[in-house]
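Below: the structure, in structure tokens.
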Protein chains: 2
Amino acid sequence: MSSLKYYLAQVERIFNEEQFIFEPHELYEPIDYTLHLGGKRIRPTLLLAANALFGGDEGQVRDAALGIETFHNFTLLHDDLMDRSPLRRGQPTVYTKWDENTAVLSGDTMYALAWRYFLRQPSQRLQVILQCFNETAIEVCEGQQKDMNFEHMTLEEVSIDDYMDMIRQKTAVLLAGALKIGSLYAGAPDDETERLYRFGIHTGLAFQLQDDLLDGYGDTAVFGKKTGQDIRDNKKSFLPLLACSIGSASQKQELMSIFAAKDNMDEEEKVRRVMAIYDTLALRQAVEKAIDDEFHTAIRLLDDIHADDAKKAPLRELLESLQGRKK
Amino acid sequence: MSSLKYYLAQVERIFNEEQFIFEPHELYEPIDYTLHLGGKRIRPTLLLAANALFGGDEGQVRDAALGIETFHNFTLLHDDLMDRSPLRRGQPTVYTKWDENTAVLSGDTMYALAWRYFLRQPSQRLQVILQCFNETAIEVCEGQQKDMNFEHMTLEEVSIDDYMDMIRQKTAVLLAGALKIGSLYAGAPDDETERLYRFGIHTGLAFQLQDDLLDGYGDTAVFGKKTGQDIRDNKKSFLPLLACSIGSASQKQELMSIFAAKDNMDEEEKVRRVMAIYDTLALRQAVEKAIDDEFHTAIRLLDDIHADDAKKAPLRELLESLQGRKK
């Protein structure tokens with residue numbers, strides 16, 4: 001029986017075997033830099049585990065694992081440019097370390113490199129696999145656009161359904177796609193790949209809702225950053241959206257006016273007032289319940305998959321580690 | 001026998017049948033706008049003609065034609081952002097009409113849409129075709145990087161070989177790739193697809209050298225813009241590079257000092273002095289000779305292809321129209 005750690009080690013080995021610097025080096029150095037910034041390598045790890053779940057051979061998905069992680073890192077590179085984020089994993093982002101044009105073009109090239117990896121991985125189901133990858137990529141772009149749209153909208157204009165749809169596309173579909181692609185290479189039947197895909201969606205949703213919760217209620221010492229940043233940024237995360245939905249008319253009114261005030265209010269005063277409303281509503285417990293619901297749906301889907309329990313172990317391990325995460 | 005015009009009409013029909021607006025519309029409107037800015041649709045037209053050259057069926061390449069043009073327009077969208085070009089075909093570019101983030105993300109999505117079109121076009125040689133498309137895409141990115149690198153280099157630092165390699169990647173490979181992909185769908189033998197690819201490379205090189213020549217020697221009334229812009233922009237085009245290569249040491253020295261002076265010289269004075277050196281060297285004739293050489297190589301390659309002369313007619317037509325072009 002292989003553990004999650006085993007697949008992660010395989011992914012690290014695959015990445016260490018691969019070379020990412022070609023000519024012109026001005027184009028490839030930022031790519032090499034991005035791919036070595038670290039990160040959890042969760043998507044290729046899931047891809048390998050999903051392949052093994054249905055009896056696939058590891059060599060059969062080596063390049064696909066490279067492809068999915070390269071694509072993921074491309075999206076981070078362009079997202080950091082669009083969000084003007086100076087740091088990623090504690091290191092300067094490409095657009096800060098180099099410049100905007102380098103971020104645009106090296107990102108485009110990373111996307112093409114992701115395709116190079118997928119295209120050198122032969123499969124009898126190539127067209128279906130590549131379509132799954134590509135439709136996932138389109139959804140990730142759509143999710144990013146929706147996230148950017150929310151910035152220009154008021155709290156009232158964003159519904160919980162809209163928000164769940166956005167995080168599904170921006171975060172969950174790529175985890176789900178990695179799992180589905182891994183299982184497709186192994187020749188899994190359609191209903192099983194579909195179940196695994198949905199397992200990935202609900203796991204991804206739970207993960208993102210946890211992120212939102214930690215921003216409000218994380219233990220700063222463990223979380224590693226100051227809480228309340230989403231409130232300071234007027235971010236329409238799950239927390240204010242759920243608070244508006246379960247709160248009284250006057251609480252909703254107060255939240256909306258705080259989120260609309262933007263720069264006219266002292267930041268810490270803003271955090272204090274919003275958190276006070278959250279606490280009155282027992283919002284933490286309500287969000288924890290929503291997260292648990294997603295995890296339970298994911299567990300049920302995993303239970304329903306027809307495969308050896310031993311081979312499901314790494315995916316259960318992942319869920320358990322996520323459920324307990326504090327950062 | 002079908003003419004170039006016939007294939008162009010087919011391409012227009014294909015584009016008119018297709019819908020490019022989906023949700024979120026903030027993402028897709030700039031894509032629809034870009035794809036309807038006009039343009040010569042030369043790449044999909046070549047793809048259709050190359051397919052017919054080897055007896056392929058038109059329906060077999062409909063989506064590939066959409067794919068190659070969508071990819072081309074994606075590269076223009078991101079190039080315009082990187083070059084900060086306000087206009088394209090007389091219309092505002094996406095980054096000016098919307099903003100930089102829209103240009104980044106709508107561009108990324110166009111790239112993914114190009115893949116969607118290619119992936120819905122079935123073929124027994126799917127992997128080879130998609131690899132050809134993808135390696136072409138990577139070369140286009142590399143060519144754009146080299147072009148950007150030249151901006152930071154002195155005239156002396158760029159060799160003619162470097163320049164030819166840059167325009168091959170930035171301009172010629174996509175024309176060549178379109179032709180090769182069209183022929184691959186028709187099941188053409190490897191040596192023929194290779195000949196057609198090389199035909200595309202030399203045609204593309206001739207086209208770009210013509211562009212460089214027209215900037216210096218175009219008839220302003222026909223060319224539609226002021227000549228000498230490359231000189232004003234200190235652009236290391238084929239003209240100054242060839243002039244340095246065939247000129248005397250003192251002429252080379254003068255050109256280098258003018259191109260290095262950048263903003264310290266009156267623009268029109270700069271154009272006048274550079275053109276005077278070009279004229280002394282009979283540069284126009286030397287560049288025309290280089291262009292003719294590329295066209296003749298292309299014609300010889302087309303002659304050597306084993307296919308009906310009637311079916312080669314559209315490609316000859318293209319060469320002839322290019323040879324006489326004044327803008």
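Rule-based calculations on the coordinates, nothing more; no lab input. This structure is a prediction, so every number in the text was calculated from the model and none was measured. Heads up, the Cβs are rebuilt from the backbone with ideal geometry, glycines too, and the neighbour counts pull from every protein chain shown.
Table for the structure above
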| read-out | value |
| --- | --- |
| Partners for residue B:327 among aspartates and glutamates (Cα-Cα distance below 12 Å; same-chain residues under 8 apart left out) | B:211, B:212, B:215, B:219 |
| Value at 222 nm in deg cm²/dmol, rounded to 500, when DSSP H runs of n ≥ 4 in the protein assembly as shown each add -39,500 (n - 2.57) | -23500 deg cm²/dmol |
| Label point distance in nm, residue A:292-residue A:6, each placed 7 Å from Cα along Cα→Cβ | 3.3 nm |
| Label point 7 Å beyond Cα along the C-beta direction, distances from residue B:219 to other copies (nm, shortest first) | 8.2 |
| Three-way shape call for chain B based on the alpha-carbon gyration tensor, with the a/c threshold at 1.5 | oblate |
| Fewest-first sequence of A:132, B:141 by Cβ atoms within 10 Å of each Cβ | A:132, B:141 |
| Cα-centred dipole magnitude for the protein assembly as shown, charges only on beta-carbon of K, R (+1) and D, E (-1), debye, nearest 20 | 180 debye |
| Rg to Rh quotient for region A:133-172, alpha carbon positions, Kirkwood Rh | 1.02 |
| Sparse-neighbourhood loop sites, trypsin sites (Lys or Arg not before Pro) in region B:183-263 - DSSP loop, at most 14 other Cβ within 10 angstrom | B:225, B:226 |
| Separation of alpha-carbon centers, region B:62-101 and region B:203-239, rounded to whole Å | 21 Å |
| Relative compactness, region A:169-306, computed as alpha-carbon Rg over 2.2 N^0.38 Å | 1.28 |
| Cα pair count fraction exceeding 18 Å, expressed as % - region B:46-138 | 51 percent |
| Mean separation of Cα contacts under 8 Å (6+ apart) over length of region A:165-246, as relative contact order % | 26 percent |
| Region B:123-279, relative contact order in percent, only Cα pairs under 8 angstrom and at least six apart counted | 23 percent |
| Among B:24, B:122, B:189: highest mean-square fluctuation, GNM of chain B, C-alpha pairs under 10 Å | B:24 |
| For residue A:88, residues with placed amide H under 5 Å, excluding near neighbours | A:93 |
| Magnitude of the charge dipole, region B:160-274, Cβ model with Lys/Arg +1 and Asp/Glu -1, debye to 20 | 100 debye |
| At q = 0.15, 0.21, 0.23 Å⁻¹, base-10 log of I(q)/I(0) for region B:16-75 (Debye sum, equal scatterers on each alpha carbon) | -0.50, -0.84, -0.95 |
| The protein assembly as shown, Rg to Rh (Cα coordinates; Rh as Kirkwood inverse mean 1/r) | 1.02 |
| Shortest-first distances to equivalent copies, position residue B:99, nm, label 7 Å out along Cβ | 2.2 |
